[in-house]
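Q: Please find one structure pasted underneath; my questions will follow.
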Amino acid sequence: MNLEQRTYLLVTGASRGIGREMAQQLARQLKAAGSMVVLMGRSESLLQETKSTILADRPELAVHTYLLELATADSSDFARILDETLQGKDCKEFERAIVVHNAGTLGDTSKHAREIGDTKVLEQYYHINLFSALALNAEFMRTFAGIPKLVVNLSTLAALEPFPSMAYYCTVKAAREMYFRVLALEESAGKTLVLNYAPGVIDTQMTLQVQTESHDPGLAAAFKEQRESKTMLTPQQTVLKFVQVLQAKKFKSGDHVDYRD
Ligand SMILES: NC(=O)c1ccc[n+]([C@@H]2O[C@H](COP(=O)([O-])OP(=O)(O)OC[C@H]3O[C@@H](n4cnc5c(N)ncnc54)[C@H](OP(=O)(O)O)[C@@H]3O)[C@@H](O)[C@H]2O)c1
């Protein structure tokens, strides 16, 4: 894949962890004048840090930051953000548009699957992790209908396999991945290429939460051991691999590609 084309890049959860690194490493590849980077998250100061790092490398890029709470976001929020960044320009001013659906939360890992039944909590969790991603994706597809698109979903082994204490996470990630597989099936790969990328186990706040809050002592201990022995991957390592996967482009649209593959 040629990332040197004039590109529109939008990354959710770009304030920290894998999303920040995705935004920074992908932005570094965007060599064409007129490329644009849109960073979303809830922390203004952290998004500004991501933006500054990007601009230090590539001062010619247009970089926009947007604060948006995904627990309540709907299509009109995403439509507004996309419209504002385009400022009336035709999407064809870009040669490719990329969206990285990265933002995500783990859910309450202190709970067993048998205890998860509060529909208010479930609705909020599913809104952050599934409904918002679908709403953004629909607006993204509509806005960039006329140009080639790359749609990336941050997936996980937990979308394919059950893990104790992760009933929220496994179910939402399985649903989210299936949505992106259907999208890939329906859209021509030449126009919309879809990748479900599972990054491995990464040293971020999310894995720290598993380590400190999971009711499953085996899982908590495994994460602790990986973190302490420094065998847990860094965001840099997994995003480097992700960029290599894109450049080699051996996957089919909709595939689940794992760091460990
Ligand atoms: N870490 C791993 O080992 C691992 C493994 C497999 C898959 N993944 C996936 O990779 C993605 C990133 O994970 P990570 O480990 O980098 O997580 P992280 O460090 O916890 O970062 C999560 C990001 O999502 C944003 N976010 C969380 N809740 C939000 C909300 N309600 N509204 C808006 N933004 C919200 C956060 O931004 P703010 O807090 O600034 O809003 C942050 O930028 C997730 O989809 C995760 O499922 C991670």
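Q: Return the long-range amide H neighbours of V38 (sequence gap of 5 or more, or a different chain), with a cut-off of under 5 Å between placed amide H atoms.
A: Distant-sequence amide H within range of V38: L9, L10, V11, H64.
Q: Using a 1.4 Å probe over the heavy atoms of the protein chains, calculate the carbon and sulfur portion of the accessible area of the chain as a whole percent.
A: Percent of accessible area from carbon and sulfur atoms in the chain: 53.
Q: Output the peptides 70-77, 124-131, 226-233, 169-176 sorted from most to least packed, where packing is the average of other Cβ atoms within 10 Å over each peptide's residues.
A: 169-176, 124-131, 70-77, 226-233
Q: Give, as ranges by residue number, the residues of the stretch 205-227 whose backbone N falls under 11 Å from the point 7 Å along Cα→Cβ of A175.
A: Within reach of a label on A175: no residues.
Q: Take the alpha-carbon centre of the stretch 111-161, take the same for the stretch 172-244, and report the distance between them in whole Å.
A: 14
Q: Of G107, V151, Q48, whose Cα points farthest to the positive end of the dipole of the chain (charges on the beta-carbon: +1 Lys, Arg; -1 Asp, Glu; origin at the Cα centre)?
A: Checking the options against the dipole of the chain, the answer is V151.
Q: With each run of n ≥ 4 DSSP H residues scored as -39500 (n - 2.57), what mean residue ellipticity at 222 nm is computed for the chain after dividing by its residue count and rounding to the nearest 500 deg cm²/dmol? Let's see the in-between values first.
A: Numbers: 9 runs with 114 residues, N = 261.
One gets -14000 deg cm²/dmol as the mean residue ellipticity at 222 nm.
Q: Same structure, new question: Count the net charge of all other residues whose Cβ sits under 15 Å from the Cβ of Q48, scoring Lys and Arg as +1 and Asp and Glu as -1.
A: It works out to a net charge of +2.
Q: Is there a quick way to get the dipole size of the stretch 1-93? I mean about its Cα centre, with the Cβ of Lys and Arg at +1 and of Asp and Glu at -1; what is the value in debye to the nearest 20?
A: Working: 11 positive and 13 negative charges, 55 e Å.
Rounded to the nearest 20 debye, it is 260 debye.
Q: Test of understanding: what is the full-extension gain from E84 to E44, defined as 0.36 nm times their sequence separation minus their Cα-Cα distance?
A: 12.6 nm
Q: Rounded, prolate or oblate: which one fits the chain, using the alpha carbon gyration tensor with axes a ≥ b ≥ c (rounded when a/c is under 1.5, else prolate when a/b beats b/c, else oblate)?
A: The shape class here is prolate.
Q: Given charges of +1 on the Cβ of Lys and Arg and -1 on the Cβ of Asp and Glu, with all other atoms neutral, how large is the dipole of the chain about its Cα centre, in debye to the nearest 20? Mind dumping the intermediate values first?
A: Values: 29 positive and 31 negative charges, 134 e Å.
With Lys and Arg at +1 and Asp and Glu at -1, about 640 debye.
Q: Still on this structure, please answer the following. Sorted by packing (mean other beta-carbon atoms within 10 Å per residue), highest first, where do 46-53, 16-23 land?
A: Listed from highest to lowest mean packing, they are 16-23, 46-53.
Q: Taking every Cα atom in the stretch 41-180, find the radius of gyration and the maximum pairwise distance Dmax, and write them in Å.
A: Calculated on Cα positions, Rg and Dmax stand at 17.0, 52 Å.
The values are calculated or read from the model by the stated rules, or taken from the named source; none is laboratory data. Note that the coordinates shown come from a computational prediction; the quantities given were computed from them, not determined experimentally. In this analysis, Cβ positions are derived from the backbone assuming ideal geometry, glycine residues included, and neighbour counts consider all displayed protein chains. The protein model used for the area step is the full one, side chains on, heavy atoms only, and it has no ligands, DNA or RNA in it. Shrake-Rupley method; radii C 1.70, N 1.55, O 1.52, S 1.80 Å.
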